[in-house]
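> Dropping the structure in here first, questions after.
The values are calculated or read from the model by the stated rules, or taken from the named source; none is laboratory data. Predicted, not measured: the structure shown is a model, and the values here were computed from it. All Cβ positions, glycine included, derive from the backbone under ideal geometry; neighbour counts span all protein chains shown. Please note that ligands, DNA and RNA were not included when accessible areas were found on the heavy atoms of the full protein model with its side chains. Shrake-Rupley method; radii C 1.70, N 1.55, O 1.52, S 1.80 Å.
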Amino acid sequence: MSEAFYDLFPRGGPNTVAGQYFSGASYLCPLSNEGGVSVSNVTFEPGCRNNWHIHHAKQGGGQILICVAGRGWYQEWGKEAQELHPGDVVNIPTGVKHWHGAAPDSWFSHLALEVPGENSSNEWLEAVSDEAYGQLD
Ligand code: MN
């Protein structure tokens, strides 16, 4: 079912930071980097999701998603996908392969908080196949 969507935070511009690792159009608006805590608003068009990826860090690290608007999905490798709605919070541990994105019929936005870590980096992997994504609704 489609859900009402409106921007609570600025949408920003096309996601030129990591958009090449997304299927579909995404938008990125950096909101804060106070104290080294990166907080961005990420907006996905319907059907858009990022590739499987891993947030690495020698110590600390990981990512927190705070869902803002629309409807989306989060999935960890080997687990069932989890439907996301505004107000949901997802804690993504360092080293866990996962993806996140919109539902096929809904825009979706979340805040992405990068948990500070030592030698942190993102490893981008394969796209979520249309076959696997198509099983979600
Ligand atoms: Mn992530």
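> Amide H to amide H, which residues 5 or more places from residue 38 or on other chains are under 5 Å from it, using H placed in the peptide plane?
Under 5 Å from the amide H of residue 38 lie the amide H atoms of 114, each far enough along the sequence or on another chain.
> Would you work out what percent of the accessible area of the range 17-62, with all protein chains in place, is carbon or sulfur (probe 1.4 Å)? Numbers along the way, then the final one.
On the way: 1000 of 2000 Å².
Summing carbon and sulfur atoms, their accessible area is 50 percent of the total for the range 17-62.
> Could you order 8, 136 so the one with the most accessible surface comes first? Probe is 1.4 Å. All intermediate terms of the calculation are to be shown ahead of the outcome.
Details: 8 120, 136 30 Å².
Solvent-accessible surface, decreasing: 8, 136.
> Still on this structure, I have one more. In whole Hz, what ³J(HN,Hα) sequence does the range 82-97 give by Karplus (6.51, -1.76, 1.60; θ = phi - 60°), x for Gly and Pro?
Each residue's phi maps through the Karplus curve to give 10, 6, 10, 9, x, x, 6, 10, 10, 9, 9, x, 4, x, 9, 6 Hz.
> Amide H of residue 48: which non-local residues (sequence gap of 5 or more, or other chain) have their own amide H closer than 5 Å, using H built in the peptide plane?
The answer is 102.
> Ordered by residue, what ³J(HN,Hα) values in Hz, to whole numbers, does the range 6-11 give under the Karplus form 6.51 cos²θ - 1.76 cosθ + 1.60, where θ = phi - 60° and Gly and Pro are x?
Here the 3J(HN,Hα) series is 8, 7, 8, 9, x, 6 Hz.
> Under the Karplus relation 6.51 cos²θ - 1.76 cosθ + 1.60, θ = phi - 60°, what is the ordered set of whole-Hz ³J(HN,Hα) values for the range 27-35, x standing for Gly and Pro?
Karplus values, whole Hz, x for Gly and Pro: 10, 10, 10, x, 10, 7, 9, 4, x.
> Net charge within 12 Å of residue 120 by Cβ-Cβ distance, Lys/Arg positive one each and Asp/Glu negative one each, not counting residue 120 itself?
Details: positive: 58; negative: 114, 118, 123.
Local charge sum for residue 120: -2.
> Within the chain, what's the longest stretch lacking chymotrypsin sites (Phe, Trp or Tyr not before Pro) that sit in DSSP loops with no more than 13 other Cβ atoms inside 10 Å? The partial results should precede the final answer.
Numbers: sites that count: 6, 77.
Value returned for the longest uninterrupted segment is 7-76.
> I've got another one for you. How big is the range 1-125 by Rg and Dmax over its Cα atoms, in Å?
Rg then Dmax for the range 1-125, in Å: 13.5, 41.
> Might you tell me the accessible area per residue for the range 63-137, computed with a 1.4 Å probe and given in Å²? Can you show the working numbers first?
On the way: 3610 Å² over 75 residues.
With all protein chains present, the range 63-137 gives 48 Å² per residue.
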